[in-house]
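Student: One structure is given below, represented as structure tokens, and several questions about it will come after.
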Amino acid sequence: QVQLVESGGGLVQPGGSLRLSCAASGFTFSWYAISWYRQAPGKERELVARITNTGSNTNYADSVKGRFIISRDNVKNMVYLQMNSLKPEDTAVYYCNAKVLMVDYWGQGTQVTVSS
């Protein structure tokens, strides 16, 4: 069974930083790309960042490019999202995603609130 568990969310002031973690299990982690999505109240879910299976390539939404960094550790089966220079617009529930054998799996989400 595929499991994804996010952690690291919380309340942070504008301009601050947070590091989100996603612990993966139940599949051959190193074979699959991993993505971070987010969803704010009343808004569509959006792709934030994606990392290839080896970690050799990454992609970011324009809104976070230059501020967020996605990374992974295939020994620990972990993926991270380092979020810097946070803005109130970054407030959302953040989800870890893996598409395994054409099926999308999601974690429970972790809340990030950026407010003064």
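The values are calculated or read from the model by the stated rules, or taken from the named source; none is laboratory data. In this text the structure is predicted, and so the values were computed from the model without any measurement. Note that we place each Cβ from the backbone using ideal geometry, even for glycine, and neighbour counts take in every protein chain shown. The accessibility values were calculated without ligands, DNA or RNA, using every heavy atom of the protein model including side chains. Shrake-Rupley method; radii C 1.70, N 1.55, O 1.52, S 1.80 Å.
Student: How many of the residues making up the stretch 45-57 are of a type in the set (Gly, Ala, Ser) and surrounded by fewer than 14 Cβ atoms within 10 Å (Cβ to Cβ)?
Tutor: Residues in the stretch 45-57 being of a type in the set (Gly, Ala, Ser) and surrounded by fewer than 14 Cβ atoms within 10 Å (Cβ to Cβ): 1 in total.
Student: Moving on. From LEU86, LEU101, LEU81, grab the single residue that is closer than 23 Å to SER25 by Cα and at pLDDT 95 or above.
Tutor: Answer to the selection: LEU81.
Student: Let me ask you something else. Does the stretch 34-55 include one or more residues that are of a type in the set (Phe, Trp, Tyr) and either closer than 20 Å to LEU101 by Cβ or in contact (Cβ under 8 Å) with a residue 24 or more places away in the chain (or both)?
Tutor: yes
Student: Of the residues VAL93, VAL112, VAL103, VAL79, which is surrounded by fewer than 17 Cβ atoms within 10 Å (Cβ to Cβ) and of a type outside the set (Phe, Trp, Tyr)?
Tutor: Residue meeting the stated conditions: VAL103.
Student: Regarding GLY66, is this residue without any contact (Cβ under 8 Å) to a residue 60 or more places away in the chain, over 28 Å from GLN1 (Cα atoms) and open to solvent by 40 Å² or more (accessible area, probe 1.4 Å)?
Tutor: The answer is yes for GLY66.
Student: Then there's this: Residue check: is TYR60 surrounded by 15 or more Cβ atoms within 10 Å (Cβ to Cβ), in contact with a strand residue (DSSP E or B) (Cβ under 8 Å, 6 or more places away or on another chain), hydroxyl-bearing (Ser, Thr, Tyr) and free of Cβ contacts under 8 Å to residues at least 40 places away in the same chain?
Tutor: yes
Student: On to the next question. Have a look at ARG38, ARG19 and point out the one that is open to solvent by 60 Å² or more (accessible area, probe 1.4 Å) and in a strand (DSSP E or B).
Tutor: ARG19
Student: For the stretch 88-116, enumerate the residues that are touching a Ser or Thr at 6+ places or on another chain (Cβ under 9 Å) and among the charged types (D, E, K, R).
Tutor: GLU89, ASP90, LYS99, listed by residue number.
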